[in-house]
Each structure stands twice: as structure tokens, then as C-alpha cells.
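The values are calculated or read from the model by the stated rules, or taken from the named source; none is laboratory data. A quick note: this is a predicted structure, and the numbers were derived from the prediction, not measured. All Cβ positions, even for glycine, are placed from backbone atoms using ideal geometry, and neighbour counts span all protein chains on display.
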Amino acid sequence: MKTCQVSVVVPCFDEDEVIEAFHRALLAVLEPIRHTFEICYVDDGSGDRTGARINSFAAGDRRVRYVSFSRNFGKEAAMLAGLRMSRGEAVVLMDADLQHPPELLPRMLELRKRGYDQVVARRDRTGEGALRTLLGAVCYRAMGRCMDVEVVDGEGDFRLLSRKAVDAVLALPETDRFSKGIFSWIGFDTASFTYRNVRRAAGSSKWAGRNLFNYGIDGLVSFNSRPLRLAIHAGLALALAALGYALWIITDVALHGVAVPGYTTLLTAVVALGGIQLATLGVIGEYVGRIYSEAKRRPHYVVRETSESPDRAVRPPGALPDAPPGAPPVVPMYEGRRRA
Ligand code: UDP
Ligand code: MG
């Protein structure tokens with residue numbers, strides 16, 4: 001297998017509007033730095049012309065390779081596929097929307113040369129609303145306290161990994177992948193630097209439907225069993241409180257006789273206990289759900305085509321299949337679910 005010095009892994013989902021500009025910007029940075037390189041695109045079941053564009057990049061350039069999924073499997077699966085196909089001594093993961101500036105690559109490679117196995121580019125929160133910044137900070141602080149691995153605010157998937165680090169990531173077989181936790185779990189010497197947050201160059205974020213709270217729960221449940229421990233603690237604390245309350249009532253009745261029945265107290269206690277029981281059941285359910293999906297041992301994604309497929313449809317650059325004028329719109333048979 002032919003190796004190279006740097007692989008750039010780019011997961012793409014419906015990035016038609018920005019992928020050309022991204023590709024040009026990336027080549028403009030990679031070509032002058034005199035490293036042998038490859039760009040590994042992963043088309044995560046895009047419904048637009050992203051796949052055709054990537055295909056055309058690869059047709060004219062052997063340094064570009066790609067894999068296309070049969071449908072949208074989510075960014076985690078796309079990153080995994082990219083890492084698996086990469087052959088470089090160092091692998092850089094980056095988004096296709098130019099929010100991860102390619103100009104930072106030389107700096108990352110420089111830090112790699114100094115011996116770091118992971119180099120993380122950490123974005124600041126420039127241009128974000130105050131509420132979002134506050135929520136993010138609170139969420140990360142809470143996750144940091146509850147998780148066994150360290151997750152840092154602003155540190156995402158934009159990072160360089162050495163071959164050793166990539167092999168360590170690929171050795172983790174879990175189905176429900178939480179990359180932020182995985183990168184932290186594998187360890188190794190890590191360097192990080194901060195860059196100014198930039199807006200998406202074009203197109204729209206695929207994150208709109210997911211909120212920070214659910215993401216926090218994913219992170220928590222993926223990396224430890226502390227929520228279960230917390231449920232035991234809460235249960236015991238409540239049982240003790242109930243015992244204390246019962247003793248107090250018994251003493252009160254012994255000393256002063258039967259008082260007015262405490263309907264409100266009773267109702268509050270029942271509702272509160274019901275809520276806690278439901279929440280605990282939810283926690284257990286999250287873990288059981290994960291065991292279920294792990295037990296099925298399904299592959300993380302299904303590949304439709306790769307740049308190495310013998311029967312791939314090679315389209316020369318500039319020959320993207322445009323619909324003829326007046327043609328009826330093509331309705332996709334399967335509208336992939338958008339996952340981040
Ligand atoms: N992405 C993907 N599959 C998905 C969702 C996103 O491969 O199901 C890619 C997307 O094309 C982009 C990167 O993941 O290159 C980050 O996505 P996005 O910009 O929507 O996330 P945000 O930057 O808003 O967190
Ligand atoms: Mg983005």
C-alpha cells in the first residue's frame with residue numbers, strides 16, 4: 001500500500017455550494033508545503049451534487065480519493081470511513097464548509113514535527129450569541145465534571161492525528177461513536193492552539209435539529225456509568241429523607257395526637273418520586289439502548305462507491321450532470337435522515 005506524509009479527511013454532506021471553494025483553498029495550502037499528500041473525501045449520502053463534484057476532483061487528480069455512502073450515516077461514520085481509508089503518516093480531519101481554515105495546516109504539521117501525536121485547533125467563540133456562549137460553557141463544565149475523559153470547550157474534530165493515534169482510534173470498535181471522547185480517551189502528547197471562529201462559507205449547518213442538551217447526554221452516557229451511580233445515590237438519599245420524615249411524623253403523633261392529614265405533602269412526595277423514578281428509568285434505558293445497538297454489531301456505514309471501485313462512473317471535471325432546461329425535478333427515492 002502506497003503511503004504519503006499527510007492525509008486530509010473531509011466528511012461531506014450536502015456541501016454542493018461550498019465544496020469547490022474548499023477544494024481550491026485546500027490545494028492552495030497543500031501544494032506549496034512540499035509534503036506528499038492525499039485528500040480523502042467521504043460523501044455521506046449527499047442528496048445534491050456533492051458526490052459528482054468529488055468524483056470530478058478525483059478523476060483529474062490521483063491525490064484525491066473518495067468513498068461514497070449508500071445513504072446519510074452521520075458525521076461520526078463519515079469520519080471513521082475517512083480514517084480507515086487514509087494512508088498518511090499524519091491525518092488531518094476537517095469540515096468541508098471552510099469553518100476549519102486550511103491555512104492552519106502548516107502550523108499543525110509544524111507541531112507534529114515537534115513530536116505531538118495529536119494537534120488540536122480550538123475555535124474561540126467569536127461571532128456567537130451571548131446566550132449560546134453561556135450555555136456552551138455551562139454544558140462543557142457539567143460534562144467535564146461528570147465524564148471520565150476530558151472534553152474542552154471549542155475543541156472539536158478539527159485536529160491532526162499521527163498514524164499511531166489513528167490506529168488507536170480505529171482499534172475502538174464501538175457502534176455509538178462520540179469522537180470528542182474517543183480522541184481524549186486515546187491519550188498521547190497533545191498540543192492545541194486557538195483560532196478565530198469563522199462562519200460557514202456557504203450552505204447550511206446540519207446541526208439545526210440537535211440541541212446541546214441531547215449532545216451532552218450522548219457524551220455522558222457514551223463514556224461512563226456515572227449517571228447510574230448518581231441514580232443509586234439519589235435513591236438512597238431520598239429513602240433516608242423519607243425515613244427521617246416518617247420518624248418525625250410518628251414522634252409528632254405520639255406527642256400531640258393525630259394531626260390534620262397532610263394531603264399536599266403526600267401528593268408532592270408521590271409526584272417527586274414518580275419523576276425521579278422515570279428519570280432513572282430513562283438513564284437505564286439509555287444504557288440498555290446502547291447495549292442493544294452494540295449487540296447487533298451492524299457496520300457503521302454501507303459503501304456505494306469508492307475512487308478505487310473498478311466500475312465507478314468517471315466524470316471528467318466540468319462535466320457535472322446538469323439537468324436539461326425544463327426537465328422535471330428528480331425526486332430522490334430515499335431522503336436520508338440528517339445526522340451530525
Ligand atoms: N457532515 C457529514 N454528515 C452529516 C452531517 C454533517 O458528513 O450527517 C459534515 C458536513 O458536511 C461538514 C461537517 O460534517 O463537512 C460539519 O457539519 P456542519 O457544518 O453541518 O456542522 P457545524 O459546523 O454546524 O457543527
Ligand atoms: Mg460547519
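What the table shows:
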| quantity | calculated |
| --- | --- |
| Close pairs (7 angstrom Cβ cut-off, 6 or more residues apart or separate chains): of a type in the set (Asp, Glu) in the range 78-99, part of a loop (DSSP other than H, G, I, E, B) and within 13 Å of ligand 1 (Cβ to nearest atom) anywhere | Asp97/Glu15; Asp97/Val18; Asp97/Arg200; Asp97/Ala201; Asp97/Gly203 |
| Subset of the range 105-116 [of a type outside the set (Ser, Thr, Tyr) and part of a loop (DSSP other than H, G, I, E, B)] | Arg114, Gly115 |
| Unmet criterion (only one of (1) in contact with a Pro (Cβ under 9 Å, 6 or more places away or on another chain); (2) more than 16 Å from ligand 2 (Cβ to nearest atom)) for Asp95 | (2) |
| Search result, residues across the range 21-60 that are among the charged types (D, E, K, R) and closer than 21 Å to Pro106 by Cα | Arg24, Glu31, Arg34, Glu38 |
| Selection from the range 180-208 of residues that are within 15 Å of ligand 2 (Cβ to nearest atom) and either hydrophobic (A, V, I, L, M, F, W, C) or assigned to a strand (DSSP E or B) (or both) | Tyr195, Val198, Ala201, Ala202, Trp207, Ala208 |
| Flag for Val119 being more than 19 Å from Val6 (Cα to Cα) and either at pLDDT below 80 or not in a helix (DSSP H, G or I) (or both) | no |
| Checking Leu105 against (1) crowded, with 19+ Cβ neighbours inside 10 Å; (2) of a type in the set (A, V, I, L, M); (3) more than 18 Å from Val6 (Cβ to Cβ); (4) away from ligand 1 (no atom under 11 Å from the Cβ), the condition it does not meet | (3) |
| Single unsatisfied condition, Arg297 versus (1) of a type in the set (D, E, K, R); (2) closer than 30 Å to Phe223 by Cβ; (3) modelled with pLDDT under 85 | (3) |
| Restricting the range 185-208 to residues that are farther than 22 Å from Leu105 by Cβ and modelled with pLDDT of 80 or more, the residue that is nearest to the chain's Cα centre (by Cα) | Trp185 |
| Evaluation of Gly216 against (1) crowded, with 18+ Cβ neighbours inside 10 Å; (2) under 23 Å from Val92 (Cα atoms); (3) away from ligand 2 (no atom under 16 Å from the Cβ) (one fails), failing number | (2) |
| Number of the condition not met by Leu240 [criteria: (1) within 30 Å of Val221 (Cβ to Cβ); (2) in a loop (DSSP other than H, G, I, E, B)] | (2) |
| Hits in the range 56-104 - residues which are among the acidic types (Asp, Glu), farther than 19 Å from Glu305 by Cβ and out of contact with any Asp or Glu (no Cβ under 8 Å at 6 or more places or on another chain) | Glu76, Glu89, Glu103 |
| Arg141 vs. criteria surrounded by fewer than 13 Cβ atoms within 10 Å (Cβ to Cβ) and closer than 25 Å to Phe188 by Cα | yes |
| Among the residues listed as Thr126, Thr50, the single one being touching a residue at least 60 places away in the same chain (Cβ under 8 Å), among the β-branched types (Val, Ile, Thr) and either under 26 Å from Thr306 (Cα atoms) or within 16 Å of ligand 2 (Cβ to nearest atom) (or both) | Thr126 |
